[in-house]
Structures are given as structure tokens and as C-alpha cells.
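The values are calculated or read from the model by the stated rules, or taken from the named source; none is laboratory data. Only a predicted model underlies this, so the values are computations on that prediction, with no experimental measurement involved. Reconstructed Cβ throughout: ideal geometry from the backbone, glycine too, with neighbour counts over all protein chains shown. Side chains included, ligands, DNA and RNA excluded: accessible areas come from the protein's heavy atoms. Shrake-Rupley method; radii C 1.70, N 1.55, O 1.52, S 1.80 Å.
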Amino acid sequence: MQVAILYKRMKSLSHITMRAPFPLIMMVLAFACCFPDKGLTQWRSSTPESRVNFGNEQDTAVIMENMRHGEEIMYEHPDSGFAIFQKTLRESMEAGFPYGTVFSLLEIANYYSGKGQYDQSLTAFQEALNYCGQSQEAQSLLPMIYSGIAAVYQLQNNYERAAHYYFRAILFAEKLPVSSGLGYTYSNVAGILNHFGQSELALSYLKKAEQIALKENHMSILENALLNRGIIYVTQEKWEAAMVHFQNSLYLSRKYNLSRAQHFALINIASLHLRNDDADQALIFTREALSITKNVNPAYINGALIILGKTLLRLKRYQEAEDTLLHTLATAEKLNIGNQMAHSHEALAHLYGATGRYHQAFQAHKRYVALKDSIESRHIAHTVNQLEMKFRVAEKDKELYRQELLIYQQQRRIDRKNLLIVSTTTGTLVLMILLATLYRNRRHKQQIVQLKAMMKGEEKERNRIGRELHDGIGGMLTAINMNLGAIQKRHQDLPQMKEFDTVVSMLQDMAAEIRKTSHNLMPDILLRHGFPETLRMYCDQINSGNNVQIDLQCYGNLDNLDRSLAFSLYRILQELIQNIIKHANAQYAVIQIRQYEQRLTISVEDDGGGFDIRNKYDGAGLQNIRSRVKALYGHISIESAAERGTTVYIEFDLEKANNN
């Protein structure tokens, strides 16, 4: 057969090299419950129309024609198809047509399931079951009803109920002369078995599904079997085989235009790329999968978004990742899907930890552990190996079932204890990190307070010395000058004495120098002239009396700086200039001060001898500068080399500096 040849050719495709095992990201999706895609052999009962003869034959023929029309448009226009089946349901009930009633309810239930309205879906399926006993033809739909109920429970992660109804579907379908969707059911049962670690048993059911697909030339069943086989290989950590089957599934889904199947294949390929630390490729495939979501169940779309969130987290696109994961968490809570809530919390815990929000990380991890423990506890009695025995073996095997269940329960208790140990250790580690961070912040604040107190005392001392120079020594020099003037008037011959003129000139220079020094020591000059002008006057004094020439360049609105901040900046620049004069042996220096928005930068560069930073030269002057910068929550960097001058760069956040 041509399909069999195609299948063998696909299995011979070259493998893709993968790396070691990884946390099963793709298991966010688990197994995709398979439903028919458009353009395929119908997943319906093959009951001949000639046998459907309940009530008025003319009425039932019209209803059957309407149901066929509803099936044709259900995929492309589900709301329109839903309206048609609501109409055929009313008409079937009025005409006493059980097959039409059950078939319409089946389609309505599948519509609700596709919309994520699981309670309404289960209600419709249950109502369909109530009508099945009214005719043999209606009973032929039992396998589809049970499979539909199972799929809803599987979407809600209630695997015990899902397995129960899948096995009921198989028991009824195997008694019918036609498959009645048996290939889909085998594939879905394989997913349940794989979830509980029965991978080899799951593969045997997939083999049955593949045999039906090849026999009936049914590409949808074959594609789904390939996809689910790939997921089984993931759980077995056979990465290369998994990738080959996902790619084969994608090939078939594209070849036969199976849109839902493309979505599942793409998202599983994306997960393997993420496992292989190729987040860029994972993002490409995830984006493509999310572009194909028509008629994909909201639960699976949300699973794909979780993978997108984890991919963005791996790429360190933290804001996008957080927005995506918060959305998936809200959707999972709305749909009541426990494992998706757990995966969302787990990813958010990693995100919060990576962005330094340790308290949020700890809370998210606690929620993840609680959800995981709840899910695992709920699954203690869900061993599908025993569930299959419930349908396949005699009553005498029940004791063996109970013993194996006890063993499983004991193992789950051990697993929960191990999980508790891991979560406690993780919580303790996070708590220690939080305490260390709080301690560091507290210590930093204490250091800032000490620096402020030290600088405050230093400024008081400067003011005191400045006042003493101005009022004390300055006053005394003024009095000496006045007395010398009086002596000069009484003794007319003194002005001709060169020594007398020298003494008078020296006293005048001393008085002027003391006035300048006292003004520099006291902040009054800043109040009168403002920060940039005061600094310019200081530089002019340096330029007039020293070998070094200082070029001051100011940009931005510096006149409106906070007064205490301006005074601190003035002292920092005074210290830098004095370092150039005393130590640099420079001839030229440039000071640039820029203020833009909430940033203020200072750059001081000289052409002096420089120094070797590797020797960690850090005199009292530089220590004083560092202390002042730190007190203002600023940043300072120094670049220097022997005979190449020195560059000092300082940057402040004005909002923080003004507040402190």
C-alpha cells in the first residue's frame, strides 16, 4: 500500500543529535487528545442510512441531511455548526429519532469541549448516553460518547476518569463491525498509559492505532500516532527518536493540511529545542504553533503559551515572560487545569528569582509545590495498569490489584517526602538569601548614616575655621593694617623705606588670601552666587595663582540644584582640584559637568603624571571623595596610568541624591 511505503520511508529519516535529559517542558501539553481534522475519513459510526428508519422517514432524511451539512461546516465555522445541531436536536426529539438526538448531542458536547466549557460538555454527553438505549443505531455511537467524555477528563488532568471512559469506549468499539473511531481511542489510551509510566504498554496501543490508520488510509490517526509516539520517546529520554517522530508528524500534517496536528507537532518540536538550550529555535517554532490555533482547545493553547513563557525566560526577556506566564496562570485557574497552574507557578518562581524578587519567588515556589503535591496525591489511585486489568481480567485478580496499589501508594508517599525535603531545602535557601539581602541593605544604610554624620561634622568644622579666619585672624590683620597706616602718617620718612613697603604688601596679600580661604571654607558664597558661578570663581583663583590651568565646562540647569547637594558637589570638586595641584604635576585640566533629566555627571581629566591603579593607590583625598559620592548614592570610576594623566568620572541619580 502507498501509505505503508510512505510510513516506512518516514521512519528511515536521519536522526538529529540531541543532548542529555532535561525537565520535561513539553509535558505541559501531555498527550494531545485526538479528534478528526477537516478533509479526513469521518470519525463517525458507519451505520447505513437505510437502517435509520425511526419515526417519519421523510423527516429523518431531512435531519440526516442537515447533520451532514453541520459536520461539513463545523470545522471552519463551529458556531454555525453548533446552531445547526441545536436545530437537528430539537427536530430529532420531536420526530422520535434517537440516532439523530444522540448524534446532535455528541456534536454539541464536542463543541462545548472545544470552547473549554467542560461542565456543559459533560452534561451534553450524559444526556446523549440517556438516549442511547432507545435504538441499536444510537448504541453504535457509544464508543464516540465515551471517548468524548474521556477526552474532557483528560483535558482537566483527571486521568483516572479519562482512562475509565477510554476503556469503556474500546470495549464497545471492539464489538462493532466498524472501527467507530477506535484508532483515535487507542492513541488517546496510549497517552494515559504513558502518563503513569507504562510506556511499553502505551506503545502497544499506538501500534494498534497505526495499524488501523494504515488499513483505512487515515492520515489523521497516523499523524497523531506519530506525535504521541514521539512524546513517549521523550518520557523514555530518547531525544533523537522523539524529534524524528515530531518532524514526521509535522510533515504529514502539512501534507494533508491538518491544522490542529501542525499546532501540536510544532509545539513539541519547540520543546525539544528548548531542552537542547536552543531557545531561539524554540521561540520560532512556538510562535508558528501559536499562529495555528483555529479549533485548538483552549487548554492546549494555554499549554503552548506556557512553553512560550519558559522560552522567553530562557532568553532573559523577563517582562514578556512574566506577562505571558501570568496570563497562562489566570487561564489555567479559569479552566481548573492543575498541572498548568503548577507549571506556571514553577516558571514564575524561576523568573522572580532571576530578577531578584526573592519573596515572590518563594511564594510562587510554595504554590507550585502545593499544587504538585495535590496532583500527585490525586493520582495515587490512578495507575492505569490496574485500570486496564479492571476491564481485561477476571474478578480473581482484584487482590493483586489492591497489593500493587498499596505498593504504588507507598512509593508515592516516599516521593512526596523527597519532594518535601527538596522544597524545604529550597525554601531555606531562598530565606537565607532574603535575610542576607536585608542585612546587606541595613548595613549599607548604617554606613550612609555614619558618612552623613562624619561629613556634617566636617562641614561644621570647616565653617568654624572659616569664621575664625575671617573674624579672628582677618580682623587682626585689618587692625594691623590700620595701625601701620597711622604710624605711616606720623612718620613721614617710613614710606621711603623699602622694607616697610614690603611688610605692608605682605600683610595685604595675607589678608586677601585669608578672605579667599575663609570664603571657600564657608558655604555662604554658594548661597550668594550659586553652584556653577562659585565653582567658576574658585577655578579662576586657581588659574591666577598656580601653574595648572583649569577649563570648567558646565551644561544643563545647574543653578536649581538642591542647596545641600550643590555644597557636597562643590566639596568633591574642591578635593579633586587640590589632588591635581598637589600630586598630578599637571599643566592643564578639564572639568565637565552635565545635567540631563534626572542624571548628573562629572568628568575631571588632567595631563599629569598619573599613577598605577594596580597598586591601589588611595590617599586620604580620594577616600574622602569616595565617601561623599557613596553618601549621595553615586558611582565613581578612576582611570589612570603612569605618564598618561588621570580621568575621574562620577555619576549621580539626582532623585536619589536629593532624597539623601
#### Entry: Net charge of Cβ neighbours under 12 Å - reference Ser113; Lys, Arg +1; Asp, Glu -1
-1
### Task
Using a cut-off of 11 Å between beta-carbons, work out the net charge of the residues near Gly645 (Lys and Arg +1, Asp and Glu -1, Gly645 not included).
-4
### Message
Give me the 1.4 Å probe accessible area per residue for the stretch 567-640, excluding ligands and nucleic acids, in Å².
### Response
51
### Message
5 Å is the cut-off here: which amide hydrogens, built 1.01 Å from N in the peptide plane, fall below it relative to Gln549, excluding neighbours closer than 5 in sequence?
### Response
Tyr588, Ala589
### Query
Is there a pair in Lys310/Lys417; Lys294/Lys417; Lys115/Lys238; Lys115/Lys316; Lys215/Lys310 whose C-alpha atoms are over 31 Å apart, and which pairs would that be?
Lys294/Lys417; Lys115/Lys238; Lys115/Lys316; Lys215/Lys310
### Message
Net charge around Glu94, counting only other residues with Cβ within less than 14 Å of its Cβ (Lys, Arg = +1; Asp, Glu = -1)?
### Response
0
### Query
How do 75-82, 163-170, 332-339 rank on mean C-beta neighbours within 10 Å, highest first?
163-170, 332-339, 75-82
